[in-house]
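Read the structure below first, then the notes.
The values are calculated or read from the model by the stated rules, or taken from the named source; none is laboratory data. Quantities reported herein were computed from a predicted structural model and do not represent experimental measurements. Accessible surface areas use protein heavy atoms only, side chains included; no ligands, DNA or RNA. Shrake-Rupley method; radii C 1.70, N 1.55, O 1.52, S 1.80 Å.
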Amino acid sequence: MAKILMITGDFTEDYETMVPFQILLATGHQVDAVCPGKAAGEVVATAIHDFEGHQTYSEKPGHNFTLNATFAEIKAESYDGLVIPGGRAPEYLRLNPEVLEMVKHFFTADKPVAAICHGAQLLVAAGVLNGRTCSAYPACEPEVKVAGGKYAPLEMTEAITDGNLVTAPAWPANPAWMAQFMALLDG
């Protein structure tokens, strides 16, 4: 089975982190969840984003998610695929040059990448969206377009694949998003 890297951080979206992590483990894949500046056994706080009829999502405290690998010790080259959860974490993770180099590696090597919701912010900052179709939380549409990508305005339960990239707007798309990502891993 595949060896997957998940790059996450504090206030990552709960369902976009825990659910894919568990799905991938349950289907036999190895998943190393890392966060810059943190080690295996440490936790990141998550946030739960709900769609309750407001102009944007609401944000509530989530759970503590335990990291199982140490960011400073991993090498992107040793992984078969990358998962980028959304939430608040991508907005500051995109400021980390090491994270951006890791993201770029997966595109240069044409390895499967799954990004959801605000995870597109890491793709934009890494400069890997030019000419690609990408879904994300609707508030990220301007960023995707400025980066040269084509924004895909999907239903919240849908995902889209463009080459090695699978994207989705938010956690209600987890089943479709993970199914398309695993199809690339098996491909």
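Per-structure values
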{"quantity": "Debye-sum result for region 7-80 in log10 I(q)/I(0), which assumes one identical scatterer on each alpha carbon, at q = 0.14, 0.15 Å⁻¹", "calculated": "-0.49, -0.55"}
{"quantity": "Distance between region 150-187 and region 28-52 - C-alpha centres, whole angstrom", "calculated": "20"}
{"quantity": "Candidate values [x] 54, 32, 29; [y] 39, 35, 32; [z] 45, 33, 32, label of the one derived for Cα extents along the principal axes in Å", "calculated": "[y]"}
{"quantity": "Over the chain: helical MRE at 222 nm, DSSP H runs n ≥ 4 each giving -39500 (n - 2.57), nearest 500", "calculated": "-8500 deg cm²/dmol"}
{"quantity": "Region 52-160: relative contact order as a whole-number percent, Cα under 8 Å and 6+ apart", "calculated": "21"}
{"quantity": "Net lengthening on full extension, residue 183/residue 30 (0.36 nm per residue, minus Cα-Cα)", "calculated": "53.5 nm"}
{"quantity": "log10 of Debye I(q)/I(0), alpha-carbon scatterers only, for region 81-181 at 0.10, 0.13, 0.21 Å⁻¹", "calculated": "-0.20, -0.35, -0.99"}
{"quantity": "Computed lengthening from residue 55 to residue 39, 0.36 nm per intervening residue step minus Cα-Cα distance", "calculated": "2.1 nm"}
{"quantity": "Percent of beta bridges antiparallel (DSSP, the chain, rounded to nearest 5)", "calculated": "35"}
{"quantity": "Accessible area of region 35-117 belonging to carbon and sulfur atoms, whole % at 1.4 Å probe", "calculated": "51"}
{"quantity": "Net lengthening on full extension, residue 73/residue 108 (0.36 nm per residue, minus Cα-Cα)", "calculated": "10.5 nm"}
{"quantity": "Most mobile listed residue (57, 151, 15) in the chain, GNM with C-alpha springs under 10 Å", "calculated": "57"}
